Every structure is written in structure tokens, then in C-alpha cells.
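Read the structure below first, then the notes.
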Amino acid sequence: FILREHFNQNFENKFKSGSTPRKRVFGKGIKRWVTPTDICKFGYLDMDERIICDNTNLKKDCTIIVNRTSKEGLGRYVGISFFYDYNDNGEGQHNQGGYRIEDYDKDTLMYISLLLNSEFYRKLCGNISLGSKMKEIKIKNFAEIPFPNFDKSIRNQIINLYNNNMVYPKDIDILKFNKMDEEITKMSGILQLARDIKK
């Protein structure tokens, strides 16, 4: 397992909480608004919410982790996470009920998201979450969760399942489109499949 030293001694200090701006207008503007209910269990945003506000907390690549939820009451939805790709999503704001981890390279942030969304980590987060109606995990508990230190080639294979941007060729033979679309769909990552479904 990856030691805490892999994320620096102060991994706990890398977690930042979300907030709702005092002055804001929902549903308008170009800044993305992210709430825990917008994050799908497969690790992408289900909704495209927007907000107008002065200050924002999503200004770079990060992993957003749901830290509390009343959904199903078992705690298995606590810890669901999403890699926030700043290039794709732009500036935004995430509210309470979520932590964000920044200041790591994209691959590490995606790797954390992928593992936290796996069945094993769903059970782990469910078991360490506290509360009767509203299950919650504190930063201290998140920071102690171990992550396996796979070989780089295996890690890259795992990351490609999440983010593997397959591109359609410029010249498409309409008669062969279905077969080509099927092949590209099999190779695409979760983030790209979610994007294509929305399109």
C-alpha cells in the first residue's frame, strides 16, 4: 500500500472543504456549480449546474470527494469522487458536503477518484463513516485510507479506464460507422463516455 509519505507527511492538509457563496445566483453564468448530488457513483458529473458568484474554489485540477450523505443511509455513497478537469470544466464552485484535493498531478488525482469509486472502497468508506441519518467521514479518516502502490503500467491501465480520450477519425465511412463507434466506445474512458452520452 502507498504510505502516507507518498502524498507528503501532511496529506491531511491537502483536503479543502467546499462552501456556498453568500452572494450568488444559481442557474446562470459560466461558472460550474458542483454539489454532492451532482456526482455520479461512476465518477462523473450527472448535472450541468451553473452559478454567478464573486469568489470560486475550483481554479485548478482537483479531486472532489463527497464527505457526507443521507442517501440510502448505509454510508456507501460517502467517498464517491470526481476528477475535476479544469480544462474541461473551467472555473467553478463546490459546496459543503464535499472535500477537494489539489496540488497533485492529474494521474494521481484520477487514480484517487477511481479507487474511491470502486466497490472495495465503497464498502470501506461505508464502514468508517459515522452518523445515524447523515453518514459522514472526517478529513482525518479520509487521510488515513491506504491506496495500493501499483506498478506504473498497471496504474496507467487503471487510469485509462477513467480517462482515455478516443477520437473519431476525420473521414468517416457512414456504412462502417456502427462498427467504428462500437470499437471507440469500448476503448473510451468513463469521462469520455459520459461526455458522449450528453452530446
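Between Asn10 and Gln96, what FRET efficiency follows from the Cβ-Cβ distance if R0 is 22 Å, with the result rounded to 0.05?
Values: r = 23 Å, r/R0 = 1.04.
Calculated transfer efficiency: 0.45.
Measuring with a 1.4 Å probe in the full set of protein chains, what accessible area per residue, in whole Å², belongs to segment 10-127? List each step's numbers first, then the result.
Numbers: 5690 Å² over 118 residues.
Per residue, segment 10-127 has 48 Å² of solvent-accessible surface.
For n ≥ 4 DSSP H runs only, could you compute -39500 (n - 2.57) per run for the chain, divide by its residues and tell me the 222 nm figure to the nearest 500? Kindly include the intermediate steps, with their values, before the conclusion.
Values: 7 runs with 61 residues, N = 199.
Helix contribution divided over all residues of the chain: -8500 deg cm²/dmol.
According to the Cα gyration tensor, what semi-axes, each the square root of 5 times an eigenvalue, does the equivalent ellipsoid of segment 112-199 have, listed from largest to smallest in whole Å?
Values: eigenvalues 272, 53, 16 Å².
Computed over segment 112-199, the values are 37, 16, 9 Å.
Probe radius 1.4 Å, ligands and nucleic acids left out: which of Glu102, Glu49 has the largest accessible area, and how do the rest follow?
On the way: Glu102 20, Glu49 65 Å².
Descending order: Glu49, Glu102.
Roughly speaking, what is the stretch gain from Val167 to Met180, that is 0.36 nm per residue apart minus the C-alpha to C-alpha distance, in nm to one decimal? Write out the running numbers ahead of the final one.
Working: separation 13, 0.36 × 13 = 4.68 nm, distance 1.08 nm.
Roughly 3.6 nm would be gained on extension.
Say R0 is 25 Å: what FRET efficiency, to the nearest 0.05, do Gln157 and Lys198 get from their beta-carbon distance?
Numbers: r = 26 Å, r/R0 = 1.03.
It comes out at approximately 0.45.
When the Karplus curve 6.51 cos²θ - 1.76 cosθ + 1.60 is applied with θ = phi - 60°, which whole-Hz ³J(HN,Hα) does each residue of segment 164-179 get, with x for Gly and Pro?
So the J values, rounded to whole Hz, are 10, 7, 7, 10, 6, x, 5, 9, 10, 7, 4, 6, 10, 4, 4, 5.
Give the distance, in whole Å, between the Cα centre of segment 27-55 and the Cα centre of segment 95-112.
16 Å
Once the other residues with Cβ under 10 Å from the Cβ of His94 are scored (Lys, Arg +1; Asp, Glu -1), what is the net sum?
Details: positive: Lys16, Arg32, Arg100; negative: Asp38.
Charge balance in the 10 Å sphere: +2.
Rank Met47, Asn149, Tyr111 by how far each Cα sits towards the positive end of the charge dipole of the chain (+1 on Lys, Arg Cβ; -1 on Asp, Glu Cβ) and give me just the farthest.
Most positive-ward Cα: Met47.
What dipole magnitude, in Debye to the nearest 20, does the chain give about its Cα centre under +1 on Lys/Arg Cβ and -1 on Asp/Glu Cβ? Each step should come with its number before you reach the end.
Values: 33 positive and 26 negative charges, 161 e Å.
Dipole size: approximately 780 debye.
The values are calculated or read from the model by the stated rules, or taken from the named source; none is laboratory data. What you are looking at is a predicted structure, and each value in this text was computed from that prediction instead of being measured. Every residue, glycine as well, gets a Cβ built from its backbone with ideal geometry; the counts of neighbours run over all protein chains shown. The area values use the complete protein model at the heavy-atom level, side chains included, leaving out ligands, DNA and RNA. Shrake-Rupley method; radii C 1.70, N 1.55, O 1.52, S 1.80 Å.
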